[in-house]
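Engineer: I am attaching a structure below and will ask some questions about it afterwards.
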Amino acid sequence: MLETGVGTHTGIELKLDVSPGRYFVKLFELPRSIIFVWDTSGSVGLFYDVIDQTMKAFASGVHAGREEVNLQSFSDPD
């Protein structure tokens, strides 16, 4: 019987009752898909610097192979 424990910042505890013997266990986590979409039209012009700093801060913490990120800006069509 497989029991799943509570998730923490270090992972999730899994418990499995098995008969004595040799086992090969492979655990993996699929990459997280994250998308950020933000407005760059004139109405948010006062916030451009904050948006830019926030996106750069986020991007600096992305873990290659663990996270897949798409960043997309949009504005009013002229």
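Engineer: Does any residue of segment 32-49 turn out to be touching a Ser or Thr at 6+ places or on another chain (Cβ under 7 Å), at negative phi, in a loop (DSSP other than H, G, I, E, B) and among the hydroxyl-bearing types (Ser, Thr, Tyr)?
Structural biologist: For segment 32-49, residues touching a Ser or Thr at 6+ places or on another chain (Cβ under 7 Å), at negative phi, in a loop (DSSP other than H, G, I, E, B) and among the hydroxyl-bearing types (Ser, Thr, Tyr): present.
Engineer: Let me ask another. Any idea how many residues of segment 57-78 are of a type outside the set (A, V, I, L, M) and closer than 28 Å to Phe28 by Cα? Reasoning before the result, please.
Structural biologist: Of segment 57-78, the ones of a type outside the set (A, V, I, L, M) are 58, 60-61, 63, 65-68, 70, 72-78.
So of that shortlist, the ones also closer than 28 Å to Phe28 by Cα come out as 58, 60-61, 63, 65-68, 70.
Looking only at that region, the number is 9.
Engineer: Being touching a residue at least 24 places away in the same chain (Cβ under 8 Å) and loosely packed, with under 10 Cβ neighbours inside 10 Å is the requirement here; does Val18 meet it?
Structural biologist: Here the answer is no, as Val18 does not meet what is asked.
Engineer: Of all residues in segment 12-31 being of a type in the set (A, V, I, L, M) and part of a loop (DSSP other than H, G, I, E, B), which is farthest from Gly65 (Cα to Cα)?
Structural biologist: Selected residue: Val18.
Engineer: Condition first: among the small types (Gly, Ala, Ser) and surrounded by 12 or more Cβ atoms within 10 Å (Cβ to Cβ). Now tell me which residues in segment 62-74 satisfy that.
Structural biologist: At the first step, the residues of segment 62-74 found to be among the small types (Gly, Ala, Ser) are 64-65, 73.
Within segment 62-74, Ser73 is the sole residue that qualifies.
Engineer: Related question: If I ask for residues that are hydroxyl-bearing (Ser, Thr, Tyr) and within 15 Å of the chain's Cα centre (by Cα), which ones from segment 55-74 would you list?
Structural biologist: Ser60
Engineer: Which pairs turn up if I take residues in segment 53-78 that are under 17 Å from Trp38 (Cα atoms) and look for partners that are of a type in the set (S, T, N, Q) with beta carbon separation below 6 Å, at least 6 apart in sequence or on another chain?
Structural biologist: Matching pairs, first to second residue: Ser73/Thr40; Ser75/Thr40; Ser75/Ser41; Asp76/Ser41.
A short reminder: the numbers here are calculations on the coordinates, not readings from a lab. All of these numbers come straight from a predicted model, not from anything done at the bench. Please note: Cβ atoms are built from the backbone with ideal geometry, for glycine as well, and neighbour counts cover all protein chains shown.
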